[in-house]
Every structure is written in structure tokens, then in C-alpha cells.
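To start, the structure under review is shown below, and the notes come after it.
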């Protein structure tokens, strides 16, 4: 068994499900180090089944993102310290850190946010991937299977929302992903400035700002809805840079409402 | 100031510095018809971007009879921008139409008593004389009344969502001195604001920001935005009682009825909504309830107030609710430049009218132009320099009149007054010859005159004007005197006549254009606004397009508005629900329950319609999970969109254009899913996952004997066709258990949907959590409490041979079955002793195995065969295989392996152990050594039976048997017995 980080492009993991990644990660986190064989037993993997080795593929994906490592004892998780961090955020952080040719996965989402797109279709995604300014890995053949997988995975990660039975996605983050990120910054205990939160998100996780520096409409809508559900309090202070979330409504600081802070 | 043919005693009549209602004759004299009113929208017909006041009045009065309900128009603009003038113009027009009765509430009515008094003039009843004035009350009284009202608010139904501890905490906060101070501060502000003139008034008895600040610290659990309006409205009600104001809406209703009898429509014109102080919310509620009366309503409010109440209202629903109910929204000022649209084109005729009103009548023939003692260039320059007291540009009629009035009242000539007062001249916009700067030292008055009155291109002034103004002109400046009138158009353009024409207005604009070529840069101008629709500030985002919706939609919309306003009927709500269903169907998983990480969902909501309950209507508000819609204005906008959606395609378009809508739908789905899980978990007594886990554990154990979920093969959902259950004596008789077993594929599919990611990847972490937390007896005990009250439309959507014909099992049936089967198993566990009998053959065989070896067995079998031959016992064909017994059979190992199984059989603690034992036995039965022994034992038994039979017969028929035969037989029997015992 080679311990090298797999080199397959992230966009090629077209059969790997987000839920599988989370399950594999949980098994390794709870019981690792575990050899592949053990993990297969625990996940009820039966060779000769569907023909795809989901376990091996999933572990390779996690390995590529440096969420798990591999040595003679088998697979272990890499950041024991980050326990309690939302798994989806871990994956997004891994995708953000992925450099070179592997950067394309999140770069596609970056483009959607920066260009302020509220929704895109499958075809539009392919068009973006084929754009000259986009660093699609050379050997990767862009096709609807790959964008379809990208959509499913981003939907699972909470970066976009797929419309059931439609070829359209909404570029809008899952509110729970937003609250998880805010909790990480301590917004369950204190007010967090929007600037700090955005800086945190943009450098570590994913883009939330359009190219003109305004909040992406999906992010604005999510914040507004969180506030409307009384999960998040939007605060405006004169001395901090404001971000508009609706006509006539700007926000400078965020604080999670109490019930929200304790559900982790 | 020199006389300049000005009747100074008239100045206070016409050039009033406060915004006060003008007497009719004054109004008629100085009022310049406002021909530049921007239409944000008008819903009853086509419209142009700018209209005249006549047009607005025609629209407002374009009603008759009583079937219209309230029709609402709003006029938005900066203070002093002519809202009151417009209101008065509408009033005078209304007076002239037969079917309308105007009720004008002017801005100067700062006491509610006066307003009530005015209203009572329209009723045939005496006005109450006990109405107090809130501002006259001691702060102490107001505070204690407000605190009491707030405490009472906490006792209302709306607060039942909070725990008794939270309500107690709230009561403490309200009685605390900090809250009292909050009220007192607001009251002090109120008293000050109510008499404020010429500025925006903020009239609130409670301040939301302060309230929210206080509560977020002291009572973080409180949904401040939600409860604030409750407190406020209660406090306002309390204040009404305090001043014996009574019900304002009731008075308006009476007026409506009063005029209804006369087939007239009252036209309620409010120059400034804030006049209504703390009852303005009441008033708005009444008026915006379109069925509340038959008023034609004109509401004037300042740009700032409207933005606060409407445009910047964080509650998008309230915003669009009000926008939707307005028939028209008119703007008097540009939201970008704060400039009056009207004034931009009409500052010249307007000033001319005012000047004409105060001029000595006899002087009319002698003056060179209607602007004397100013001239048109001076007026335009003054207009361009208008600023408010904060130094911000603000070109409004009131400011212009105010400045002109001050110039006329001044004791220095106008040009000097202007030069002294209006120094904010931007020289780049207004280049002056360099020579002016040196000449100014010597001839300050004359240069000031040239600077303000001079023609833009050559800076010249009329010689005649100069003479009439009485200026001793310095010869050094003679070149700037013109013998021709620089206002030559005057004779053709009857400025200042009673009925100025449209052309005149345009001419005025032309002059302004000459004076300031740069004015195009100042933003919205009538010239470009006429052609293209210009978006102005925040209005753009809430603009309601003047479409002509189908009448049916209109009816639905009206019903929706009424519902949101508190009506309990909404006959057309199915359309809203249908639209919402399209939206919900585009978001995944709203109608399934499964592993959130997984892809397999078989538990699906299978009713034809989603349970959508609209509160306040006669939708039966069942206690089971539903998507609940509240009649809140906050969500009005979303409801309105739902109402218009009639296909999945439209739903998709709405979601992709409006992410705020998508976020709301997302919340509805999450809430619904959450409520489903909570509901099921509460009703079942345990999480649905745990119930499914145990259902599967039973089916799995009874089929295969595999009990321990940690065992990897536990998750193998392929169950054998013939279950182990049939090996038991009592369990297989249990009807519910057998019924549950018949559903084993359904149960297995459910199990997969909760504990697998997809068909090939198990989720052991989810499984362990449930298996550890809910042992069987606890689970069955929990399930005992539930009956079939979970019939909420969930079915197991799995095509399996279990149910046949594609019939799906409803979740509640399955759970009932599980509860009963679980009960059967539990009670069976108490009396498992009889089950031991089913292991008889196994126990006997293993007894036979003890100490057995291949040579020994061969020897015994040889003896047995001998006996069988001698006594003619029929040999079975399978016995033949015993002769080919492998020498490698290890009976010792078999015995060892049986020990734990035999021990289990000895105690048989519960049905699962029983099935485990059956499984172990069935596995041993497959072993060659066991098969051999079992066969040998069978042979032995048959021979034994045969011998016993012979012995019995020989005893009966003693005479027929030889003595020797009998002895042989007895010997053989003994041998056999010994063998068996050994």
C-alpha cells in the first residue's frame, strides 16, 4: 500500500457521496488508526458489489484534502484539535487549502460568488469551467456527470442548494453552516464583527463577497432569514463598516441567539 | 429696506416662515399649481412619470359610491416640499366635487383633541369635552401607566410561548427602574417633538432601539422584534384611556357610515401622519384595512418618516403589505438630491406669484419684470444656493420662500442681503470676470448687484431695473448696463397670472438652464425624467410595477391582505398553498425522514397534499406536524409570491430570482422536518431511528439469530427466506411477531434508510449511537404508551414482496405491529422454559458425542447393524453413509463447541438469546461430525424402537417365541442400552 497522497483530481470523484465522506471520517476519528480492511468491515463493504470501491475512493478524497493521513497502522484523522468543528466546514477548509490543480473545486464556487450569481444551471457551470480564465485541470474532461457530482457535493457541504428535479442551483449557503462558522468565532458568547467573520470565511472557508465588496445575495438572504427565525441577531454600529443585507438594512456585527449557541 | 413697492404688512401673510395651513384666499393667491409630482406607482390606470396636482386630485377623487373600500394614496417628500400645498389643492378640488367630503388634518394640529374635534364636526354627535392632552400629563403618570400596560401585555396569550420563569424575569425587568427611565425618556422626547415645526417629528412613546438594547442584555430569550409591537400597541392603548381619547378608528368608522348614508365619500387628507402621535399606528391599521371604510385617503409623510416606517422597515412583509394596499405613491422631492421636482421647473413662476401677492397694486405697470425687486437670474441663483440648517443642499419651496421673505424683510437692499447671506457660490459653476474682484473693493454694492442679477453670458443688468431699484450706478461700471431688457420675454410670457400655463413652466426652466449650464449634473431633472424611468434610491427595490393583474388575482390578493390584517376568512388560500407546494417540492427531502447523511429515503409523506395550515382561517389546526403560516405582515411578500405561482417552472424562476424567498422556504422545510421528528419521537416515546432499529433487530434475529448490532454481518439486509423462527415452539405462534416477520423486507429497507449512506456503505456511527442508547426492553416500554396517533401520512415507499401489489405500509401500522410484536417477545422472555424442548434432539446428540471417537462409534455401529440384521429392522439408505465415516471427524471439538450453546439453552434469558442459540445449533448441524453423530443417534433410536416393539410383542405372544430368541433379544437390548448410556 502506498502512503502517498492520491493524485486523482477532485472533480473526478464522481461517485463519492458527501455522506460517505462524513461516515468514513467519523469512523476513523472515533476508532483510528484503522487499516482499510477494518474500515471496509465496519461500513459493510462487500467486494464485487456495485463495482465501485466507495470506501477506498472516499478515503482517498479525505486523504487528498489532508483530513486523514495514512501510515502502517492505517488511516488516522489529522487534526485532533479541531474536534467539534462541523465536518462540512472541515471539508470546505480542506478544499480551500487544496493548492495547484486541486484548487479548482472551490474555485468554481468562488466564481459564482464573486460574479454575484444568485443561481446557475448545469450548462452555465460547464461554460464557466471551460472558460479560459478558469484553471480547470488539463486532463479533466468537463461533462455533466462531473458538474452534477460537484453540485451534489456542494449541496451536501451547504455551499449551494440544488433544486429538486431541476438543472438549477441556488448559490446560497446553508444557514447551519453560517451559524457553525459564527460559533467557531465565539458569536455564541459575544458580538462578532461582520468584517472579522467575512475575513475568517474568505481565508479559511469560502467566498461570501461579490467582486464589488458587497455581500453575495445568497449570504444576505441567509442572514436575513436567520434573523427572522430569531437564530441570529443583526447589529448595526456606526463605527464599523456596514454590509447591506436588504434594502435599507445594513449590519456590522452578529451575535447568535441563545438557543442557537447551545445546540452544537 | 427701501420700499420697492412691497406691502410689508402683507409679508407675514404670504411669506410665512412656518408650515401652516394657508387660508383659502391666501392659498388661491400664491399657490402655483404643482405640475411636477413624481409617480412612483399608480395602480388604477396608466400613468406618466410626472403628473400635475390636478391629475393627482383626479386620481384620488376618481371614486364614487361606497363599494370601493378605503383607497390609499401617499405623498412622500422632504419637509417643506409642498406636500401640504398638494393636500390643500386636493382638498379644494374635493370641495368642488359633489360626491366627496374632504377632511383635512393639517400639520399644525398638534393636539389630538383638535383632531378629534375636527372629526366630530363631521358627525351629528356632540364632541367629548373630557379629552386630555398627553403632553400635559406628568411623566410619572405616563410611566406608571405604561409599565402597567407592559406588565399586562406579558399576561397575554402571545407570551405563553415563554416559560413561567422567563415571564417572571420579564415582569421584573418591566418593573425595574431602567425600564421606567426608558419610558420617561421617550415621553420627554415626545413632548418636544410634537410641537416641533419645519422638521421631522419622531413621536413614539417607546423607542425600539432602547427597548431592544435593554432586553438583549436583561432578557436574551425575548424575541424583541416580535414582542415590541405588542408592548407598543398596548402602551398606546393605555395612553388613549389616560387622555380619554377613545377609539379613533371607531370615530372614522362612524364618519364612513355617516357619509355612506348620503352616498358620499369622505376624503381624509393628512398633511403629516405624525400629527397623530402615538395613535398613528392605530390609524394606519384602520386605514390599511381596506374594508374598514370608504375613505379616499391621502397620507402625507416625510421622506425620513416613510423610510423609517416603510422602506427601511426590516420587515419586508410589512413593507410590501403597505405598498400593495396603496393605490398610488407620489413623490414631491427627489430622493437623490432632496430637491423638489416642481421647484426645479417652477421656482420662477412661484416666486413671481408670491412677489405679486405682496406688491403695491398700483406699481404693477411701472416695474420691469415680475421679480422686482429681484430679477429672474437672482431668483434662480438663490434657488440654486438653497441649503438646510445643516448645510445640506435642499431645494424646497418652503426654503425658497423663507429666503425670499427674509430678503424682503431685510433693511438692506436685496443684492446686499443676498451677498451677505448666500455666499456659498461655487465659482466654477458660475464664472465671474476677474475684474469683479478688484472692482468689488471700490463698489461692493454695485458688484454684488451684477453678481446676482447679471445676465450669465455678459453679466449685464437692465438700466431700467437699476434705476427702479434706486441704485446710484458708478460710471466705472457703465459697460454692464444694458438698455435692452434682459428679460425681454416678459411681455410674451404672462408670468404671475392666475392661470399659468404649461409653457410658462418650461420657459422658467429654460432661464434656469442659461444661468446654470451645469445643472444637468445635479441629478434628476424633469427633462430626462420624462423619457426614461429613473430609479430613485431605495424606492427601486420595492417598486410595484403598474401591471394590470387579472381580476381573480386581485380578489385573492385582497383576501390575502385581509387575512394578514386579521380576517379569519381566506377562501382563495388553496392557491397560496398550491404555489407554496410548488416551492417546497423544489427543495429536497421536505417529505421524507431518513439518515441526514444518507441517500436512501423510503419513509415518505404519501398524502396527496402537504399539510399546510394557515393560522386564523378555518383550516383545522391539527396538532400533527404541518407547515404553518402565520398571518404576519413580515411574510406577506412571500405569501403574495406563492399566490402567483401556478407551476414548477414559475416556482423555479421565483426562487432563482429571490434568494430571500428561497431562504424562507428553506426555513419552512427545516422547521417542518424538525417538527416531524419531534412529533414522532414524542408520540412513539423514542426516536424514530430507535424504533426502526428495534424492528429490524427483531426481524433480523428471528430470521438469522444474529443479535449483536456490532457484529459486521448484522447490517447485512439480505434476510433468509425461511427464518429461524420456525424452529421455536412458542414464538412462531405469536401473531404479531409473525406479521412483523412478513414485513421483513420493508423493515430492512427502512433500516437501510436510517443506518446506511447508500446501499453499499453502512453508517456504523449512527447505529452505535442508537443501539447503545435504547436497549430493547426500554424501547418496548417506551412504545407501550403509543397508539395509532401517528397517522400523519408517512408510508414506507418500498416495492417489495412483503406487501405485494405495490401496497405500501403506513408507518403507523408498522409501529403498532412493532409495539405488539415487541410486547409478545418481552412476555415470551418470561417463560422460555418450554422452548428448551425444541433443543432436545441437539442435546441428545451432544450427549451422544461426549467421549466419542471414530473407532468407538464404528464399533458401536457394527453392533447395532448386527442387531438390526438379526431382528430384521429395515435399514435406511442414509445409514449407508455411516459406513464411509471419515477417520478425521473430531467429536471432541464438537463437544467443546457445544458447551456455550448448551449453557445458553440452560438459561435462555430472552428470545434473542433463544434465536442466537438456534442459530448456533443450525450452524453446528451443518458440520460433518454433527451430521454423523446425529445420523448414528437416529439409527440407534430406530433400532431401539424396533427392539422395544419386538420385546412387547414377544411378551404378549410368549408361546410363539422360542426361549432362545427371547434371550438373544434381551442381550441385544442390554447392549443397546449400554451403548446409549455410554
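Bear in mind that the values in this text are calculations on the coordinates, not laboratory data. From a predicted model like this one, the values you see are computed outputs, not experimental measurements. Neighbour counts run over all protein chains shown; Cβ positions are idealised from the backbone, glycine included.
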Of the peptides A:6-16, B:109-119, how do they stack up when ordered by the mean number of other Cβ atoms within 10 Å, highest first? B:109-119, A:6-16
Between residue B:974 and residue B:622, 0.36 nm times their residue separation minus their Cα-Cα distance comes to what? 118.8 nm
What's the FRET efficiency of residue A:114 with residue A:143 using the Cβ-Cβ distance as r and R₀ = 25 Å, to the nearest 0.05? 0.55
Can you bin region B:72-122 into rounded, prolate or oblate? Criterion: square roots of the alpha carbon gyration tensor eigenvalues sorted a ≥ b ≥ c, rounded for a/c under 1.5, prolate for a/b above b/c, oblate for the rest. oblate
Could you work out [θ]222 nm for chain A from helices alone, using -39500 (n - 2.57) per DSSP H run of at least four and dividing by all its residues? Round to the nearest 500 deg cm²/dmol. -12500 deg cm²/dmol
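Against the empirical 2.2 N^0.38 Å scaling, what ratio does the C-alpha Rg of region B:160-227 come to? If you can, show how the numbers build up before the last one.
Values: Rg = 14.5 Å, N = 68, 2.2 N^0.38 = 10.9 Å.
Against the empirical 2.2 N^0.38 Å value, I get 1.32 for region B:160-227.
Stokes-Einstein diffusion coefficient for region B:240-298 at 37 °C in a medium of 0.692 mPa s, Rh from the Kirkwood formula over Cα pairs: what value in µm²/s?
Numbers: Rh = 12.1 Å.
Answer, rounded: 271 µm²/s.
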Note down the nm distance, to one decimal, between modelled labels 7 Å out along Cα→Cβ at residue B:167 and at residue B:196. 3.9
Relative to the first principal axis of the alpha-carbon coordinates of chain A, what is the inclination of helix A:18-31, with its axis defined by its Cα atoms, in degrees from 0 to 90 and to the nearest 10? 70
Hull-based mean projected area of region B:55-165, where the convex hull spans the alpha carbons, in square nanometres: 12.4
Whole-angstrom Cα spans of region B:1-127 along principal axes, big to small: 60, 45, 27
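Would you mind giving the average projected area, over all directions, of the Cα convex hull of region B:642-776 in nm² with one decimal? Mind dumping the intermediate values first?
Numbers: hull surface 47.1 nm².
The orientation-averaged projected area of the Cα hull of region B:642-776 comes to 11.8 nm².
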Which length gain, in nm to one decimal place, applies between residue B:122 and residue B:435 when the Cα-Cα distance is subtracted from 0.36 nm times their residue separation? 106.0 nm
Just the Cα atoms of region B:743-867: what Rg and Dmax do they give in Å? 23.6, 73
May I ask for the angle, rounded to the nearest 10°, between helix A:217-228 and the longest principal axis of chain A, with both axes built from Cα atoms and the value confined to 0 to 90°? 70
Identify which of A:66, A:212, A:196 has the largest mean-square fluctuation in a Gaussian network model of chain A, with springs joining Cα atoms closer than 10 Å. A:212
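What's the extension gain from residue B:387 to residue B:647 if we count 0.36 nm per residue and subtract their Cα-Cα distance?
On the way: separation 260, 0.36 × 260 = 93.60 nm, distance 5.35 nm.
Result: 88.2 nm gained on full extension.
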How large is the Kirkwood hydrodynamic radius of region B:646-713, in angstrom, based on all distinct alpha carbon pairs? 15.5
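Taking the beta-carbon count within 10 Å as an exposure proxy, list B:380, B:759 from fewest neighbours to most. Intermediate values should be presented prior to the final figure.
Working: B:380 25, B:759 15.
So the ranking, lowest neighbour count to highest, is B:759, B:380.
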Give, as ranges by residue number, the residues of region B:92-113 whose backbone N falls under 13 Å from the point 7 Å along Cα→Cβ of residue B:262. B:95-103
For region A:89-131, what is the per residue volume of the convex hull drawn over the alpha-carbon atoms, in cubic angstrom? 85
Per-bin percent of Cα-Cα distances, region B:866-938 [5 Å]: 3, 13, 20, 18, 14, 12, 10, 7, 3, 1
Computed E for residue B:365/residue B:98 - FRET, C-beta separation, R0 51 angstrom, nearest 0.05: 0.75
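Order these by the 10 Å Cβ neighbour count, fewest first: A:38, B:78, B:3.
Ordered by Cβ neighbours within 10 Å, fewest first: B:3, A:38, B:78.
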Roughly how many nanometres apart are two label points built 7 Å out from the Cα toward the Cβ at residue B:64 and residue B:710? 9.0
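Partner chain Cβ atoms within 10 Å, averaged over the residues of B:563-572 - can you pull that number for me? Spell out each step's value before the answer.
On the way: counts 0, 0, 0, 0, 0, 0, 0, 0, 0, 0.
Average per residue, whole number: 0.
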The percentage of Cα-Cα pairs in region A:107-264 separated by more than 24 Å is 36
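With a Förster radius of 35 Å, plug the Cβ-Cβ distance of residue B:657 and residue A:76 into 1/(1 + (r/R0)^6) and report the FRET value to the nearest 0.05. Could the numbers behind the result be given before it?
Working: r = 47 Å, r/R0 = 1.34.
Once the sixth-power term is evaluated, E becomes 0.15.
Determine the shape class of region B:824-922: with a ≥ b ≥ c the square roots of the Cα gyration tensor eigenvalues, call it rounded for a/c under 1.5, and otherwise prolate if a/b is greater than b/c, oblate otherwise.
Values: a/c = 3.27, a/b = 2.09, b/c = 1.56.
Prolate.
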Can you sort B:678, B:154, A:160 by how many other beta carbons sit within 10 Å, fewest first? B:678, B:154, A:160
Rg [Å, one decimal], Dmax [Å, integer] - chain A, C-alpha atoms: 19.4, 64
What per residue convex hull volume, in Å³, comes out for region A:182-264 when only alpha-carbon positions are used? 95
Please list log₁₀ I(q)/I(0) at q = 0.15 Å⁻¹ for region A:185-226, using the Debye equation with identical point scatterers on the alpha-carbon positions. -0.38
Residues in region B:559-602, backbone N under 16 Å from the label point at residue B:681 (7 Å along the Cα-to-beta-carbon vector): list them, ranges by number please. B:593-597
Quick one: if you stick a label point 7 Å off each Cα along the C-beta vector at residue B:883 and residue A:134, how many nm between them? 8.1
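Tell me the Kirkwood hydrodynamic radius of region B:168-285 in angstroms, computed as one over the mean inverse distance between distinct C-alpha pairs. Can you show the working numbers first?
Values: mean 1/r = 0.0610 Å⁻¹.
That comes to 16.4 Å for region B:168-285.
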